Amino acid sequence: MTGAAGRPELPDRDDSGAGFLQCFGKQMKLLREQAGLTQAELGSRLGYGEDQVASVEQGRRIPKPQMIDKADEVLGAGGVLRAMKDAVARARYPGFFRDAARLEADAVELHVYASQAVPGLLQTEEYARAVFAMWRPLLDEDTIEQRVLARMARQEIFSRWPAPLMSFVIEEAVLQRPIGGRRVLRGQLEQILLIGQKRNVEIQVMPTDREDHAGLGGPLTLIETTGQQRIAYMEVQDISRLLTERKPVREAEARYGIIRAQALTPRESLSYIEKLLGAV
């Protein structure tokens, strides 16, 4: 993740995920036709509907790992489809986020400061869909659906064991912004409260009226991997950067520590969100 001169490099921004999914779909269609099966017949053997098989073949739907394994077996692909499973998983995400998504999935610690929207790991499906619907340039409906499903899949991290240690600091204004409407915001606040009850998760609110604020530089994510590598991830306007050198990562960690100290405590934060929920 660092260049020859030791400088952090931008991750690959080639957003070719949709193209790869189309190639995977064409490969599955070719194998299905060679097996002499219709989409309905393959769907029946896989436990999926005809429309789901069609969507995968057209590259409009991201197949689950279980579907890929079963299709490889039913179609006698000899491991060809199974070998593409990891690449299919990576293709769920836009190019600028793929490296971060891979690291996030294996994190033992994850710390997030959010100043624009509720962090993706905490978003409800409706909130996430509203966020992607507001994307500029506009995303087509299939891309929105793919990204919503990918964002929901990331939340499997909350079911992992051993559970990673996680903390989130969210700007007060973010929690008041009715993205998707009041009903969507209410469901989002309820979800934050629910996740905030987990023993491995701490959620804090940064009040708008703070005179001192160490987070003016923008959103920030800190990740520690199972290999004890510490990484800082920053993203703005679809441009992202992963920092791996110790000096900038240490500076980001220090900044996040100050942000947490300036925010409400986790208990105060959940109490505030409960009050805010009552007013929505």
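When you scan the range 189-208, do you find a residue that is in a helix (DSSP H, G or I), farther than 27 Å from residue 257 by Cβ and open to solvent by less than 30 Å² (accessible area, probe 1.4 Å), even just one? Even if it seems obvious, please write down each step before you answer.
Of the residues in the range 189-208, the ones in a helix (DSSP H, G or I) are 189-196.
Narrowing the set further to residues that are farther than 27 Å from residue 257 by Cβ leaves 190.
Next, from what is left, pick out any that are open to solvent by less than 30 Å² (accessible area, probe 1.4 Å): none.
Checking the range 189-208: not a single residue is in a helix (DSSP H, G or I), farther than 27 Å from residue 257 by Cβ and open to solvent by less than 30 Å² (accessible area, probe 1.4 Å).
Give the residues of the range 247-267 that are open to solvent by 50 Å² or more (accessible area, probe 1.4 Å), free of Cβ contacts under 8 Å to residues at least 60 places away in the same chain and not aliphatic (A, V, I, L, M), sorted by residue number. If the condition is that a residue be open to solvent by 50 Å² or more (accessible area, probe 1.4 Å), free of Cβ contacts under 8 Å to residues at least 60 places away in the same chain and not aliphatic (A, V, I, L, M), then 247, 250, 251, 255, 267 are the ones that fit.
Look at (1) open to solvent by less than 30 Å² (accessible area, probe 1.4 Å); (2) assigned to a helix (DSSP H, G or I); (3) more than 21 Å from residue 132 (Cα to Cα) and you find that residue 231 fails only one, number (2). Taking residue 244, is it out of contact with any Asp or Glu (no Cβ under 6 Å at 6 or more places or on another chain), of a type in the set (Ser, Thr, Tyr), at pLDDT below 95 and within 19 Å of residue 98 (Cβ to Cβ)? In short, yes.
Taking residue 180, is it in contact with a helix residue (DSSP H, G or I) (Cβ under 7 Å, 6 or more places away or on another chain), touching a residue at least 24 places away in the same chain (Cβ under 8 Å), small (Gly, Ala, Ser) and at negative phi?
Numbers: in contact with a helix residue (DSSP H, G or I) (Cβ under 7 Å, 6 or more places away or on another chain): yes; touching a residue at least 24 places away in the same chain (Cβ under 8 Å): yes; small (Gly, Ala, Ser): yes; at negative phi: no.
It is false that residue 180 is in contact with a helix residue (DSSP H, G or I) (Cβ under 7 Å, 6 or more places away or on another chain), touching a residue at least 24 places away in the same chain (Cβ under 8 Å), small (Gly, Ala, Ser) and at negative phi.
Across the range 61-111, what is the number of residues that are of a type in the set (A, V, I, L, M) and over 21 Å from residue 35 (Cα atoms)? Residues flagged as of a type in the set (A, V, I, L, M) and over 21 Å from residue 35 (Cα atoms) within the range 61-111 amount to 12. The residues of the range 28-59 that are open to solvent by less than 90 Å² (accessible area, probe 1.4 Å) and assigned to a loop (DSSP other than H, G, I, E, B), listed by number, are 35, 36, 37, 38, 47, 48, 49, 59.
The values are calculated or read from the model by the stated rules, or taken from the named source; none is laboratory data. The shown structure was predicted, so the numbers you read here are calculated from the model rather than taken from an experiment. Cβ atoms come from the backbone with ideal geometry, glycine included; neighbour counts cover every protein chain shown. What goes into the accessible areas is simple: the full protein's heavy atoms, side chains included, and nothing from ligands, DNA or RNA. Shrake-Rupley method; radii C 1.70, N 1.55, O 1.52, S 1.80 Å.
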